[in-house]
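To keep things clear, I will list the structure first and then write my remarks on it.
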Amino acid sequence: MPSRYIIGSVIPHASETVPDGFLECDGSSLLRADYAKLFTAIGTVWGTADATHFNIPDLRGKFPRGWAHGTANDPDRDSRSANATGGETGDKVGSVQSHMYQSHGHTSSYQIGRIDAALGSTFPHFIVSTQYTSNQSPAYGSETRPININFMFIIRYE
């Protein structure tokens, strides 16, 4: 039965078994001669070890992001790095960004005081007001992430 996916298509797969005609997107380095159609489709955007090999994407444990393609939707698009040696950088398909936690601060105000009008003015009363701002480091986990679910990403090679 022919596949509906063109060579080079990457899809999320809801199984831990790779179907015929696909490879797991695990960053493997493949011989260009053995996977000529896939090499023609994706080239070396995902990296290359040498003149006879090319890499497929490594999407294990990563969130895919749509290519900005010159728009401002990815504010750091020009500083993206290569996924592997020989791969694309900047605003190109195949480039990668590491994790980041956006710097931010918290402002909090509090008052401490005692005003006891029932006892008259013979007792002292006071109000202390303090305001502070602090930069917070990530806490309670090893990453910042949305709710997520695991799939195996696979790429069509034939």
If I ask for residues that are of a type outside the set (A, V, I, L, M, F, W, C) and over 20 Å from the mean Cα position of the chain (by Cα), which ones from the range 29-77 would you list? Ser29, Arg32, Asp34, Tyr35, Lys37, Thr40, Gly43, Thr44, Thr48, Asp50, Thr52, His53
Any pair with Cβ under 7 angstrom, 6 or more apart, that starts in the range 31-43 at a residue that is on the phi < 0 side of the Ramachandran plot and ends at one that is modelled with pLDDT under 95: Lys37/Glu158
Can you find a residue in the range 66-84 that is part of a helix (DSSP H, G or I) and at pLDDT 90 or above? no
Please specify each residue of the range 1-19 satisfying the condition of being in a loop (DSSP other than H, G, I, E, B) and either at pLDDT 95 or above or aromatic (Phe, Trp, Tyr) (or both). Tyr5, Ile6, Ile7, Gly8, Ser9, Thr17, Val18, Pro19
Which condition number in (1) surrounded by 10 or more Cβ atoms within 10 Å (Cβ to Cβ); (2) modelled with pLDDT under 85; (3) outside any strand (DSSP E or B) is the one that Tyr132 fails? (3)
Where residues in the range 21-56 are among the acidic types (Asp, Glu) and either at pLDDT below 95 or not in a loop (DSSP other than H, G, I, E, B) (or both), which of them is surrounded by the fewest Cβ atoms within 10 Å (Cβ to Cβ)? Asp26
Can you report the number of residues in the range 57-84 which are over 24 Å from His13 (Cβ atoms) and surrounded by 12 or more Cβ atoms within 10 Å (Cβ to Cβ)? 7
Search the range 44-72 for residues that are hydroxyl-bearing (Ser, Thr, Tyr) and pair each with any residue that is modelled with pLDDT of 95 or more and buried (at least 19 other Cβ atoms within 10 Å of the Cβ) when their beta-carbon atoms are under 6 Å apart and the residues are at least 6 apart or on different chains. Thr44/Phe54; Thr48/Phe54
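The values are calculated or read from the model by the stated rules, or taken from the named source; none is laboratory data. The model shown is predicted, which means the values in this text are computed figures rather than measured ones. Note that we place each Cβ from the backbone using ideal geometry, even for glycine, and neighbour counts take in every protein chain shown.
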